[in-house]
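Worksheet: one structure, shown below.
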Amino acid sequence: MEFAELIKTPRVDGVVLHRPFMPTVEGTLCLTGHHLILSSRQDNTEELWLLHANIDSTEKRFVGSLGTIIVKCKDLRVIQLDIPGMEECLNIASSIEALSTLDSVSLMYPFFYRPLFEVIEDGWQSFAPEESFRDLESMTDEWRLSEVNKDFSVCPSYPSLLTVPKDIDDESLCKAASFRHGGRFPVLSYYHKKNGMVMMRAAQPLTGTNGRRCKEDEKLINATLCAGKRGYIIDTRTIAVAQQAKARGGGFEQEANYPQWRRIHKAIERSNVLQDSLIKLVEACNDQSHSMDRWLSKLEASNWQSNVKEILTTACLAAQCIDREGASVLVHGTEGTDSTLQVTSLAQIILDPACRTIRGFEALIEREWLQAGHPFHQRCAQSAYSNGKPRSEAPVFLLFLDCVWQILRQFPCSFQFNENLLIMLFEHAYTSQFGTFLGNCVAERGKLQLSQKTVSLWSWVNRPQELERFLNPLYEPNNLVIWPSVAPQSLLLWEGVFLRWNRSTKCLDEAYQEMVHIIEYNKELQNKVNSLRRQLAQLETEDKMVADLK
């Protein structure tokens, strides 16, 4: 297919661009295969270069012969284009819609992008599994790199090399894989060198209604325990959801079959609920009513901050089991590609100071998200403004970045990087000129030949001139475990993402946080009142019993 076939009107003069809190710009609008460009003849005026892939939805309005297109972007920008002529407006809108919804990954911009900078480091080779295994080898000899998944037949969403216990052979791994959803058998996620405890991740076991068991899976998990030690299985589903999964062939570990492990359920919302939460949050942030009650009500109804709290709480639990309880941990939900990765990656940021450096954080994203099979292509296909019914879209990675920002804000001197790095990663996960976040797993990226045909995001980020804007000037290396607060008053709205295009609502942020403090204080008072009432009722009951005895 030729892009020219989709462009009905390639150029229109006299187009006026409106952006919130910025001066209007008049110029020439041009459509290319991948970009919407508005070029102004005015001096010192910033041009607009917008990737079609960044467009989430469009709206058309007409007043006489003047047409208006409202463009809503995946990075949460909203811009308005006033186009003279109804036909030109309809043609532009039709072309934008076609170009922004291309199905073929190979037609996306990363395959056509040619960097203007010198590629000093090939980011595709920067974080190979062999590199992280060498670090592990320097601390312990109890693990090995397995090639059991070299052709991706054992688990399509895992990489070809996996870190597994040294005493477990590949045949046992295959049997364990057949017992786990999608073949995602337990693999090493993190080794805590302070006490030798580990964190593993997997998908749910396929116990079903008959209580099926797998001796190889049990042996694999127990191989990570030291003599006399117990472990914790953190299931990111409610007990009810885990029980329901049994009827569909899934389930959870039966304690009788895993006597050395204690199962804990910590509910994290599923993907469809998270997408709805993001849509409601963005709608609240764009509310121009300036009514505090309305704004707070909408924010609370979105449940976004509640989701942040639950994820951070679960990550803190995993970290506490490892560092304070001296126990190993296995984390899984249903598929092991969403909430599981949120928990394991955040727990590592809490436990491991290396993950708080720029290089270490990049390695964490590669290891726990890209190589671990988070389906970026599905989850980031649409953002908060999509008009279509959500299919697999969910802001799982954005929620993770929000949680990292919460920890960074609470420990501003413990991170080598600043907020800019997190915002940049959010933007590139949804749309990018780089190939790093394309595809859903390592196998798909291999078939697309991304390492040969596209540029890695890390090749651009890790150049000295780019790194400078991501550095935190307050950074002082901190080798300690950091424990973030998950109290509601400690978790703020990430205005750097959700309010940056709408400055008029930024003034509400401080008032919002003050209101949160008041609400929480009132809740505490109410709880104390209720407790006193219960005590009073108990005393009255006891007095009546004494009177009856007399």
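Just a few scattered comments:
- Filter result (open to solvent by 20 Å² or more (accessible area, probe 1.4 Å), in a helix (DSSP H, G or I) and modelled with pLDDT under 90) within the stretch 280-302: Met292, Asp293, Arg294, Leu296, Ser297
- Boolean, Arg263 is in a strand (DSSP E or B), in contact with a strand residue (DSSP E or B) (Cβ under 8 Å, 6 or more places away or on another chain) and closer than 30 Å to Gly196 by Cβ: yes
- Pairs where the first residue, in the stretch 375-395, is closer than 17 Å to Arg270 by Cβ and the second is of a type in the set (Lys, Arg) and not in a loop (DSSP other than H, G, I, E, B), C-beta under 9 Å, 6+ apart: Ser392/Arg379; Glu393/Arg379; Ala394/Arg379; Pro395/Arg379
- Filter pass, Lys506 being farther than 22 Å from Glu366 by Cβ, among the charged types (D, E, K, R), surrounded by fewer than 10 Cβ atoms within 10 Å (Cβ to Cβ) and at pLDDT below 70: no
- Failed item, numbered, when Val119 is tested on (1) touching a Ser or Thr at 6+ places or on another chain (Cβ under 6 Å); (2) aliphatic (A, V, I, L, M); (3) modelled with pLDDT of 95 or more: (3)
Let's see how each residue does on (1) open to solvent by 50 Å² or more (accessible area, probe 1.4 Å); (2) assigned by the TED database to the domain that holds Ala347; (3) out of contact with any strand residue (DSSP E or B) (no Cβ under 6 Å at 6 or more places or on another chain):
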residue	(1), (2), (3)
Met199	no, yes, no
Ala202	no, yes, no
Leu206	no, yes, yes
Gly228	yes, yes, yes
Ala240	yes, yes, yes
Gln254	yes, yes, yes
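- Of the residues in the stretch 325-334, not one is farther than 19 Å from Tyr232 by Cα, more than 20 Å from the chain's Cα centre (by Cα), open to solvent by less than 10 Å² (accessible area, probe 1.4 Å) and in contact (Cβ under 8 Å) with a residue 24 or more places away in the chain.
- The helices (runs of 4 or more DSSP H) located wholly in the stretch 312-389 that include 2 or more residues which are touching a strand residue (DSSP E or B) at 6+ places or on another chain (Cβ under 9 Å) and not β-branched (Val, Ile, Thr) occupy 339-351.
- Residues considered: Ser271, Ser277. Of these, the only one that is under 25 Å from Pro484 (Cβ atoms), of a type outside the set (Phe, Trp, Tyr), under 16 Å from the mean Cα position of the chain (by Cα) and open to solvent by 10 Å² or more (accessible area, probe 1.4 Å) is Ser271.
- Selection within the stretch 137-147 - open to solvent by less than 70 Å² (accessible area, probe 1.4 Å) and more than 15 Å from Ala223 (Cβ to Cβ): Leu145
The values are calculated or read from the model by the stated rules, or taken from the named source; none is laboratory data. Given the structure is predicted, the values throughout are model-derived calculations rather than measurements. A quick note on method: Cβ atoms are made from the backbone with ideal geometry, for glycine too, and the neighbour counts reach across all protein chains shown. Please note that ligands, DNA and RNA were not included when accessible areas were found on the heavy atoms of the full protein model with its side chains. Shrake-Rupley method; radii C 1.70, N 1.55, O 1.52, S 1.80 Å.
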